[in-house]
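What follows is a set of notes on a single structure, which appears directly below.
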Amino acid sequence: MQNDTADRILAAAHSLMAELGYAGFSYADIAERVSIRKPSIHHHFPTKAELAVAVLRKHREGLIGGTQAIDKNIQDPLKRLGAYVKYWEGCLADGTQPFCVAALLAAELPGLPAEVAAELKLHFASLKQWIRKTLEAGVKNGKIRVQDSFSVEADAFMAVVHGALLASRVSGTCDAFREITSSALKKLAAARR
């Protein structure tokens with residue numbers, strides 16, 4: 001029961017952070033969503049920073065597990081990047097995760113507690129490492145072309161995906177996300193011989 005409560009708290013916090021950012025939610029909001037009292041939340045997560053770190057750690061673990069599954073199941077590196085994009089498109093379409101919590105919190109980075117900022121940076125380092133490795137594999141097998149260093153290209157791809165999420169949030173539809181990410185993937189595709 002205790003782990004179930006902690007998991008429900010984490011899920012509510014994740015959802016609230018993705019909707020409102022770190023500064024926009026409180027333990028009272030979580031208590032209302034989970035139907036528990038605030039002291040119960042403090043029992044599991046004594047501080048808001050500890051809760052945010054736990055949410056981000058779980059989010060990063062999901063990212064790592066997801067990208068490992070993509071690598072295992074998809075041989076073509078360009079299609080791997082496409083699968084990552086499709087994941088977010090699906091989240092937008094069904095409303096399960098309308099925005100990347102890490103991307104949203106990145107905008108708040110200067111005001112975040114140090115331990116939350118550190119966990120956030122680990123998330124982006126993990127994502128960048130996977131994108132970079134995927135780009136390198138794609139260039140090596142002739143499926144991807146890059147115009148800059150792998151590091152810059154990985155940062156650019158990350159920025160495009162997160163920017164496309166933002167554009168979709170503003171427009172209220174998946175269309176902007178789909179169009180922006182499709183264009184980015186086309187630019188990475190090596191010319192067919």
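All of the numbers you see were taken from the coordinates with simple rules; none came from a lab. A quick note: this is a predicted structure, and the numbers were derived from the prediction, not measured. Methodologically, a virtual Cβ is constructed for each residue, glycine included, from the backbone with ideal geometry; neighbour enumeration extends over all protein chains shown.
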- Query: Considering region 140-193 alone, what residues qualify as being in contact with a helix residue (DSSP H, G or I) (Cβ under 8 Å, 6 or more places away or on another chain) and among the β-branched types (Val, Ile, Thr)?
  - Reply: Ile144, Val146, Val160, Val161, Val170, Ile180, Thr181
- Kindly establish whether Ala28 is touching a helix residue (DSSP H, G or I) at 6+ places or on another chain (Cβ under 8 Å), among the aliphatic types (A, V, I, L, M), outside any loop (DSSP other than H, G, I, E, B) and free of Cβ contacts under 8 Å to residues at least 12 places away in the same chain. yes
- Report yes if some residue within region 66-87 is assigned to a helix (DSSP H, G or I), under 16 Å from Val161 (Cα atoms) and acidic (Asp, Glu); otherwise report no. no
- Query: Which residues, taken from region 136-182, are touching a Lys or Arg at 6+ places or on another chain (Cβ under 7 Å), among the hydrophobic types (A, V, I, L, M, F, W, C) and within 24 Å of Ala18 (Cβ to Cβ)?
  - Reply: Ala154, Met158
- Item | Selection within region 31-61 - assigned to a loop (DSSP other than H, G, I, E, B) and touching a residue at least 24 places away in the same chain (Cβ under 8 Å) | Ile36, Phe45
- Query: Does Phe150 satisfy being hydrophobic (A, V, I, L, M, F, W, C), surrounded by 15 or more Cβ atoms within 10 Å (Cβ to Cβ) and farther than 26 Å from Asp175 by Cβ?
  - Reply: yes
- Hits in region 142-181 (condition: more than 15 Å from Gly82 (Cβ to Cβ) and of a type in the set (S, T, N, Q)): Gln147, Ser149, Ser151, Ser168, Ser171, Thr173
- Note on Thr96: of the conditions (1) touching a residue at least 24 places away in the same chain (Cβ under 8 Å); (2) within 30 Å of Pro46 (Cβ to Cβ); (3) not in a helix (DSSP H, G or I), unmet is (1)
- Message: Looking at region 112-131, can you tell me whether even one residue there is under 18 Å from the mean Cα position of the chain (by Cα) and in a loop (DSSP other than H, G, I, E, B)?
- Response: yes
